[in-house]
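See structure below.
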Amino acid sequence: YGRETPLKDIIRNMKRDKINGKLNADLTPAADLSPTPATLYLLWEEYQNGIDGRKAARLFTADERKRQYYRRKVVWDVVAARIRAGDTALIACDRIYKEYGRETSVKDIIKKLKQAQRDGTLPPEFVV
């Protein structure tokens, strides 16, 4: 049947990998974002806690942040600003939906928020 790996060999390999700076991918949550979050609530959950076994976006290192992260950051910043102002995350997301429409996709809300940010026309309650 094949040789079983003795526990001492496993421990030695783990120590070697740690010394060499390798991480065990099976134990480390993936530092990537979901392809298309369906709601702002899910987008916030992705930022705070991670979804589908992925690492929370708020914990990404600078090296792990990619274009998709920075695209979504405008929503995360608005929700965080509303939380600092006393809203819950759910209320903050509801405020964004009220401004841009509940039927508007997350992708389109991000585009509209980014455009308003560039134009300086973000609603005052959204300003970070």
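Would you mind calculating the gained length between residue 94 and residue 63 on full extension (0.36 nm times residue separation, minus the Cα-Cα distance), in nm to one decimal?
This chain segment gains 8.0 nm when fully extended.
Using θ = phi - 60° and the Karplus curve 6.51 cos²θ - 1.76 cosθ + 1.60, what whole-Hz ³J(HN,Hα) does each residue of the range 46-51 get, with Gly and Pro shown as x?
Karplus values, whole Hz, x for Gly and Pro: 4, 5, 6, 10, x, 10.
Taking H placed 1.01 Å from N in the peptide plane, check which residues at least 5 places from residue 54 or on another chain put their amide H under 5 Å from its amide H.
none
Please give me, ordered by residue number, the GluC sites (Glu not before Pro) of the range 21-118 that lie in loop per DSSP and have at most 10 other Cβ atoms within 10 Å.
103
Semi-axes of the equivalent ellipsoid for the range 28-128, please: Cα gyration tensor eigenvalues, times 5, square-rooted, ordered largest first, whole Å.
Whole-Å semi-axes of the equivalent ellipsoid: 22, 14, 13.
Every number in this text was worked out from the coordinates using simple rules, so none of it is lab data. If you're wondering where the values come from, they're calculated on a predicted model, not measured in any experiment. Every residue, glycine among them, receives a Cβ derived from its backbone with ideal geometry; neighbour counts consider all protein chains shown.
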